[in-house]
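Beneath this line is the structure, given in structure tokens, with notes to follow.
The values are calculated or read from the model by the stated rules, or taken from the named source; none is laboratory data. Quick caveat: nothing in here was measured; it's all calculated off a predicted structure. Every residue, glycine as well, gets a Cβ built from its backbone with ideal geometry; the counts of neighbours run over all protein chains shown.
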Amino acid sequence: MPATGSGQAGPTEADWAAAVAAVRGLPPDGRVLLICHVNPDGDALGSMLGFAFGLRRLGVRQLQATFPGPPEVPEPLLGLPGLDLLVPADEAYPDPDLVMCFDAASASRLGDLVDRLDRAGTAVVLDHHASNTRFGKINLIDPGAAATSVVAEGLLARLDVPLDAEIAECLYVALATDTGSFRFAMTTPAVHEMAARLLATGIRPGDISRQIFDTRPFGAIRLYGDVLSRVQLEPEAASGLGLVWTFATLDDLARHGQRPYVLEPLIDSVRCAAEADVSCVVKQVTEGQWAVSMRSKGGVDVSQVAVALGGGGHRSAAGFTGLGTAVDVIGAIRSELDRAIIKAEDQG
Ligand code: 5GP
Ligand code: MN
């Protein structure tokens, strides 16, 4: 049973059949390029590498996995199996027979690799963002899926690839990441059933979770202290639903000798504030450019805010690239929030 459950339409049988045919119809020694989104997270890398193992089981030998930007895997994900398949973006096949994209809601999330969509024989998109722009020739988009790995597992099953421990570890990391360790609203019975199938291969959830979620450098803990000490609560923002936010600069990172990835879980500390529906962390990428993470407890569709500001995501978790100062970025969010309030009568 697919691990979906929101009632939103997923891929049709024709979509699945087209994706199966694209894989099965590869020429002998066909080249397959797998791409996930820039700044990959557990779902992006896990769904991509889990599917890569499946392709290997099917006998695909010319196989590369990549993502745009610096070819740097966040430290917590360095234990994932299959990382040997990764190549830097500028070494990826220029004209693969098949390109498959994972967890990217729009072509812009593929950076310079976007040209492969046209240059490849066929492009298949696997994703679960409701905001997905359907930029593939074949689109397996399931907004009801808790993670892209749910879609990847569905395609592997239709390709008759049995789960093994390597596939399962990748897909489990992806599923655990996007469900917040099986806490978020998307955690349906079908999600737990998928987790059960993955765990049945013998993977070790305790070790995986400690590595992925509960391990960070000492300097990162000090850094969190600095960044959390400047957190702001604005009870009047978002039409009174409340906004809590903070920011982290490149100087903060440098002072504590930390890499940007250590800031990814910071939003989880900020979003705890009981007094605010919306939370936000603004992370400096370069002078005047910020990676923005937003979360909502349900009063606001933050993907609307993100899309309005050039990004995307889900109702309760979204992001975009902000420009100017951190205060400019928060100002833009504050304005968009007032537009995005979901009226209680619309929620059904
Ligand atoms: P996070 O805050 O964990 O980085 O991202 C939360 C969600 O927002 C994810 O589903 C991610 O795909 C989406 N997201 C984050 N940043 C961006 C962005 O710059 N552009 C788009 N389109 N989506 C983003
Ligand atoms: Mn995802």
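Being away from ligand 1 (no atom under 16 Å from the Cβ) and crowded, with 24+ Cβ neighbours inside 10 Å is the filter; apply it to segment 169-203 and report the residue that is farthest from Pro76 (Cα to Cα).
Looking at the filtered set, the residue picked out is Met194.
Please find, within segment 283-294, the residue that is nearest to ligand 2 (Cβ to nearest atom) out of those that are of a type in the set (A, V, I, L, M) and surrounded by 23 or more Cβ atoms within 10 Å (Cβ to Cβ).
The residue in question is Met294.
Only residues that are surrounded by 19 or more Cβ atoms within 10 Å (Cβ to Cβ) and either more than 15 Å from the chain's Cα centre (by Cα) or in a loop (DSSP other than H, G, I, E, B) (or both): list them for segment 302-315, please.
Once the filter is applied, which keeps residues that are surrounded by 19 or more Cβ atoms within 10 Å (Cβ to Cβ) and either more than 15 Å from the chain's Cα centre (by Cα) or in a loop (DSSP other than H, G, I, E, B) (or both), segment 302-315 yields Val302, Gln304, Val305, Val307, Leu309, Gly311, His314.
On the basis of being under 30 Å from Lys297 (Cβ atoms) and away from ligand 1 (no atom under 16 Å from the Cβ), does Ile208 make the cut?
yes
Residue-wise test of (1) over 18 Å from Asp338 (Cα atoms); (2) within 8 Å of ligand 1 (Cβ to nearest atom); (3) among the polar types (S, T, N, Q); (4) not assigned by TED's automatic domain parsing to the domain that holds Tyr224.
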position: Cys272; (1), (2), (3), (4): yes, no, no, no
position: Ala276; (1), (2), (3), (4): no, no, no, no
position: Gln289; (1), (2), (3), (4): yes, no, yes, no
position: Arg295; (1), (2), (3), (4): no, yes, no, no
position: Gly299; (1), (2), (3), (4): no, no, no, no
position: Ala318; (1), (2), (3), (4): no, yes, no, no
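Select from segment 5-25 the residues that are part of a loop (DSSP other than H, G, I, E, B) and crowded, with 21+ Cβ neighbours inside 10 Å and list them in ascending order.
Once the filter is applied, which keeps residues that are part of a loop (DSSP other than H, G, I, E, B) and crowded, with 21+ Cβ neighbours inside 10 Å, segment 5-25 yields only Pro11.
Could you grab me the full set of residues in segment 67-94 that are touching a Gly at 6+ places or on another chain (Cβ under 8 Å), farther than 21 Å from Pro265 by Cβ and aliphatic (A, V, I, L, M)?
Answer for segment 67-94, where residues must be touching a Gly at 6+ places or on another chain (Cβ under 8 Å), farther than 21 Å from Pro265 by Cβ and aliphatic (A, V, I, L, M): just Ala89.
Condition check ((1) part of a helix (DSSP H, G or I); (2) under 24 Å from Thr177 (Cβ atoms)) across all residues:
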residue: Val262; (1), (2): yes, yes
residue: Ile267; (1), (2): yes, yes
residue: Val285; (1), (2): no, yes
residue: Val292; (1), (2): no, yes
residue: Gly298; (1), (2): no, yes
residue: Ala318; (1), (2): no, yes
residue: Val329; (1), (2): yes, no
residue: Arg334; (1), (2): yes, no
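Looking at Gly59, Gly79 in this structure, which one is closer than 16 Å to Leu156 by Cβ, more than 16 Å from ligand 2 (Cβ to nearest atom) and either surrounded by fewer than 22 Cβ atoms within 10 Å (Cβ to Cβ) or not assigned by TED's automatic domain parsing to the domain that holds Pro162 (or both)?
Gly59 is the lone residue from the list that is closer than 16 Å to Leu156 by Cβ, more than 16 Å from ligand 2 (Cβ to nearest atom) and either surrounded by fewer than 22 Cβ atoms within 10 Å (Cβ to Cβ) or not assigned by TED's automatic domain parsing to the domain that holds Pro162 (or both).
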